[in-house]
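The values are calculated or read from the model by the stated rules, or taken from the named source; none is laboratory data. Please read all numbers here as calculations on a predicted model, not as lab measurements. FYI the Cβ positions are ideal-geometry reconstructions off the backbone, even for glycines, and counts take in every protein chain you see. SASA here: full protein model, heavy atoms, side chains in, ligands and nucleic acids out. Shrake-Rupley method; radii C 1.70, N 1.55, O 1.52, S 1.80 Å.
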Amino acid sequence: GEIRRLAEIVPPDIALIAAVAPVHAEFFESIEQIAQAKSEIFEHPSTQWGLYNADTLHAETLQTTGSCQKRSFSLRGDPGAFWTLQVYEGSVRIREGQEWFEFPCPTLPAPHVYDNLLAAIALARTAQISWEVIGQALPTLQLPMHRLEMVRKDGVLFINDAYNACEVSMLSALDVLSHHAPARRVAVLGQMNELGHLSEGCHRRVGEK
């Protein structure tokens, strides 16, 4: 009910759900309940558009909740998604409806970062931002601080992904680390909090990875 209350205070014109995952899960019995709670943002009668990731867990819950118009985006090329994205060396191709657009884009360090990029593009287009403006912005992209931030110092590459800790982000960060092959690799992992009864399983899977 927390998201529903926030939407009552500040009703969104456009609402977007980027992912459903075992994050902030301490008050939930299942990931489906997390999807139900997140989808509360689509319920306010003033909300015109609801955007969601067709590839995420329980996407069907996001698709059916609320009366706003819905559009989805998919990195996996879901044929029902309104936006999809393909990655090439130094560029991206984006499908909107039946049209394709290609723009220069720096190589991003992990697949899930392209999920966020596609979500941002879907939101921008729904807000009627032109492809010209989007195309101008893409080559200038930089990740925020503490999100797969690459820092070289004294011959050592530090990958700083300390923004938040959950199973999904930990596994993705370890994948990025595995793609680098120096003489020595060290992972410094913090605790994953707010996971409730899911905590032990999440920590075990990260440990196995």
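Points to keep in mind about this one:
- Hull-based mean projected area of the chain, where the convex hull spans the alpha carbons, in square nanometres: 13.2 nm²
- Our coupling estimate for the range 14-25, obtained by passing each phi through the Karplus curve with A = 6.51, B = -1.76, C = 1.60 and θ = phi - 60°, is 10, 10, 9, 10, 7, 6, 10, 8, x, 10, 6, 9 Hz, Gly and Pro reported as x.
- Under 5 Å, built H, 5+ apart or other chain: amide partners of Glu194: none
- Site pair Gln128 and His197 shows an inter-label distance of 4.8 nm when each label is modelled 7 Å from Cα along Cα→Cβ.
- Accessible-area composition of the range 127-205, carbon plus sulfur, in percent [1.4 Å probe]: 53 percent
- Relative contact order %, the chain, counting alpha carbon pairs below 8 Å whose residues are six or more apart: 17 percent
- Residue-normalised accessible area of the chain, expressed per residue, 1.4 Å probe, Å²: 60 Å²
- Each residue of the range 52-142 gets 98 Å³ once the volume of the Cα convex hull is shared out per residue.
- If R0 is 22 Å, the Cβ-Cβ spacing of Phe101 and Gln63 corresponds to a FRET efficiency of close to 0.35.
- Here's the list of aspartates and glutamates a cross-link from Lys70 could span, going by alpha-carbon distance under 16 Å and ignoring same-chain residues fewer than 8 apart: Asp13, Glu40, Glu43, Asp55, Glu60, Asp78, Glu96.
- For Val20, residues with placed amide H under 5 Å, excluding near neighbours: Leu57
- Inter-label distance, nm, simple model (7 Å from Cα along the C-beta direction), Ala181/Arg76: 2.9 nm
- For a straight C-alpha distance cut-off of 14 angstrom, the aspartates and glutamates reachable from Lys209 (same-chain residues fewer than eight places away being disregarded) are Glu167, Asp175.
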